[in-house]
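Notes to accompany the following structure.
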Amino acid sequence: MPHCLSAFFLFITTMIVADAMAQTDLWADTEWDNEATNQQNWLQRHEISGFTELRWGQRIHSADHQRRTSLAEWRVRLEKEWNWANLSLRSNVDVIYDDIEPSLHSDINDGQGWLDIRELLVEKRIANLDIKAGRQIMTWGVGDLIFINDLFPKDWNSFLIGRDEQYLKAPSDALRIGAYSQFINIDLAITPEFDADRYIDGRRLAYFNQQQLSIAGRNALVQTNKPHGRELAIRLYKNLGAYEMAFYGYDGYWKSPAGFDVTTNKASFPKLTVLGASVRGPIANGIASIEVGHYDSRDDRDGRDPTINNSEIRGLVAYEWSPFHNATSNIQYYIEALKDYQRYTETQIAGLPLRDQYRHLLSTRFTYLSHQQNLTWSVFVFYSPSDHDAYLRPKINYKASDNWQLEAGFNLFSGQQQHTFFAQFEDNSNSYVSLQYHF
């Protein structure tokens, strides 16, 4: 964490702690061994909880420049919360060893361990304000695995190689303030230093390389120029009857590389502003959702620079329902509309495949619980009728006891042209299994 960011969070934490101490009578005349005093002690400790997990995955096809084994890791999750007066500190840390993770210092040897701090934050409630400062997982929007106004970091490698779905969300180092009133509710997230996606760079997954015009992997790792700047995200929301309305704003950068700096020969993160809205509520026997977002690619607003993504309009319509007992289902339609399309076609670099002006995507998720709800059957399907590619995510999870869980699943990709989004990952199609013990 940069020094300026550390100082920022230290200042916020100090102010919150000072306020909490000001509201606490430190000089109360009580016996230290009194039972009531023990119950109201400064630090109310909770037991450490979490899980340990073994997870293994194998590619269905061989992939150039990648190992056939896609996942071989041992993970320990440790969660703990401390309460002090009306202040709380929450930590959520993963200790990981993955035999497949490429070493940063060697092109040959694989396997390394690391500490992934998922959450480490201070929380405090002051009147109608909720304040959270530190590393945290943030999310909003109405889509199911489709994100329009959720511009918080994602971990696409974890999601596509068979880690648990929760790891699609990557942490942010941020200050989040929630303000609540009868008129409107506000969420404000300030990230002092840009947090990019954990994007696909060739280390774990093969991808379509536009410089080579072919599928590449560890032979062509994506090198980036990461910007140094803040991100600002805001959500205004309110319930109108049974419907939740929300308006969103974001000012920062494209979360995954969306440009190319020809002077350094590295991928870049151009400036981005997003304005959007959503509505969600009951219709018939289910829940309907609509979400839209306007992506303003500020470094190329007229669409004349072929090395930077054009501005876009994105939209989503979704419906979820329960077709029968212990079953849930949804269907989603998503569209991306590329702006200034004629300029895009006129300025596109010769030899590179052209994007369609409109990218359509259909998805559906079906989940069924059986055997006294201990066995979960699930399948998620993405299909793009414009790209003619697809992504299938079937899995089964068995809760053997309160402590033990077993899971198995697939990530299956297919497509007609190797440059489209899902088709480029066809050689990464994989199966995986996991054994998890909760404590």
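Dimensions of segment 232-390 from C-alpha coordinates, computed as largest minus smallest value along each principal axis and given longest first, are 60, 36, 27 Å.
Relative intensity of the chain on a log10 scale, I(q)/I(0) at q = 0.06, 0.08, 0.11 Å⁻¹, equals -0.30, -0.53, -1.03, per a Debye sum over C-alpha point scatterers of equal strength in the absence of solvent.
Filter 154/238; 238/271; 132/169; 169/226 down to the pairs with a C-alpha to C-alpha distance above 23 Å, please. With Cα atoms farther than 23 Å apart: 154/238; 238/271.
Give the residue list of chymotrypsin sites (Phe, Trp or Tyr not before Pro) in segment 265-348 that are DSSP loop and have at most 10 other beta-carbon atoms within 10 angstrom. Qualifying residues, ordered by number: 324. In terms of surrounding Cβ atoms within a 10 Å radius of their Cβ, 130, 340, 387 rank from fewest to most as 130, 340, 387.
Using 0.36 nm per residue and subtracting the Cα-Cα separation, the extra length available between residue 324 and residue 273 on full extension is 14.2 nm. Under the simplified labelling scheme, the residue 80-residue 236 pair shows an inter-label distance of 4.3 nm, with each label point 7 Å from Cα along Cα→Cβ. Tell me, how many Å apart are the Cα centres for segment 142-166 and for segment 285-336? One Cα centre to the other: 14 Å. Computed extension gain for residue 406 through residue 350, at 0.36 nm per residue and net of the alpha carbon distance, reaches 15.2 nm. Remark: spin-label model distance residue 341-residue 166 equals 4.2 nm, labels positioned 7 Å along the Cα→Cβ axis.
How big is segment 353-439 by the Kirkwood estimate over distinct Cα pairs, in Å? The answer is 14.7 Å.
None of the figures in this text is laboratory data; all of them are computed from the coordinates on show. Model, not experiment: these values are computed from the prediction. Glycine gets a Cβ as well: all are built from the backbone with ideal geometry, and neighbour counts include every protein chain shown.
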